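All remarks here apply to the structure that follows.
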Amino acid sequence: MDSTPQSFPLPQDALLELAPRDVQQQAARLVQESFATAFRLGAEGTASSEARQQALAKLAAHLGSWAAMATREGTALRKALLLSGLDQWGLAFSQTFGNLSLGGISELVGYLRDEIDVEEEAHCQAFFERVQEEEAAAFDFKVLLRRELHLALWHAMVAADVREEADEILQQLGGMMLALLGQMPVHGWRLIADALASIQMRCLSQGIAVEGMALETTQSLFASLAAALPEDLRTRILSQSSEAVRAWQQARRATAN
C-alpha cells in the first residue's frame, strides 16, 4: 500500500541493504508456496513416509539454494526469513485447525535447520530475533507474509460449509489481526489495513463473498475489528484500506481503457 499519509511515514528498514524489497517479497512468497506444499504432503495419507521425506528434503534444498544466492550474511538473513515465515504460518494454522496435518511443516523446518552450520546458526538466530523484535526489520516481508496468511484463512472461512466452523476461523483471524497491535504497536495497524484492503480487492475482482454465509462472515469480520479497535486506529486503518482499494480500482479502470 503505497498511498501513505505524510503524517504516518513508512518505517526505515535497516535490513534493506542485505535483503532488498524484492528479495523480502520473494521470501514471503516462497514461505507461502512451501507451506502449502508441506501442508499437503503432511495431510495426504496415500503418500509413503519415504516419498514424503524425499519431497520435503528436495523442497528444503530448493529453499537453501535460493538463500545461498547472497553473501554469507545475506544467506543467514534469508534463512531467518524463511524460518520466521514458516513458524508464523504453522502457528496460525495450528491454532485454527489443530496440529493433525502439520507434520510435513515440522519435517521441512527440520531439513532447513539441518542445512545451517554452527557458524551460520548464530547469525541466522540473531536475524531471526531481530525480525521478531524490531518492527521495521524486514517490513516488506512482514506485510506480504501477513497479507497472504490472512487471505488464506479468510478463504478458508468463506469456503466453510458449516457456520460453526466459519465462526471459529473468523474468531481466530480477527484475533490474529488484533494481536498485531501488541506485537507491532507502532506499525502493526498497517498490516491490518493491508489485509482488509486485500480482502476487499479479492471480493471485487473474483466475486467472492457476495452472498450467503460467506458475505455474512466477511461483514462480521470487518464489524468485529471496527468495534474492537480504538477510535484513532479504526479511523486510520479504514482510511488507509479504503484509499488502497480506490487506487486499485482506478488502476484497473485505467488499464481497461
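The values are calculated or read from the model by the stated rules, or taken from the named source; none is laboratory data. Here the structure is a predicted model, which means the values were calculated and not measured. Neighbour counts run over all protein chains shown; Cβ positions are idealised from the backbone, glycine included. Ligands, DNA and RNA are stripped out before the accessible areas are found, and what is left, the full protein with its side chains, is counted by its heavy atoms. Shrake-Rupley method; radii C 1.70, N 1.55, O 1.52, S 1.80 Å.
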### Query
Which of the GluC sites (Glu not before Pro) found in the range 200-235 are loop residues per DSSP with 10 or fewer other Cβ atoms within 10 Å of their Cβ?
GLU211
## Note on the structure
Restricting to Cα pairs under 8 Å and 6 or more apart, the percent relative contact order of the range 72-196 works out to 27
### Query
Among 113-121, 198-206, how do they line up from the highest to the lowest mean number of other beta-carbon atoms within 10 Å?
198-206, 113-121
### Whole-percent carbon and sulfur share, accessible surface of the chain, 1.4 Å
51
### Message
Spelling out what I want: for every residue of the range 132-140, take phi, set θ = phi - 60°, compute 6.51 cos²θ - 1.76 cosθ + 1.60 (Karplus), and round to whole Hz; glycine and proline get x.
### Response
5, 9, 9, 4, 7, 5, 6, 5, 4
### Task
May I ask you to derive the FRET efficiency for LEU204 and GLN171 from their Cβ-Cβ distance with R0 = 30 Å, giving the value to the nearest 0.05?
0.75
#### Entry: Rounded accessible area per residue of the chain, 1.4 Å, Å²
50
### Task
List the relative contact order of the chain as a percent without decimals, with contacts defined as Cα pairs under 8 Å and 6+ residues apart.
22
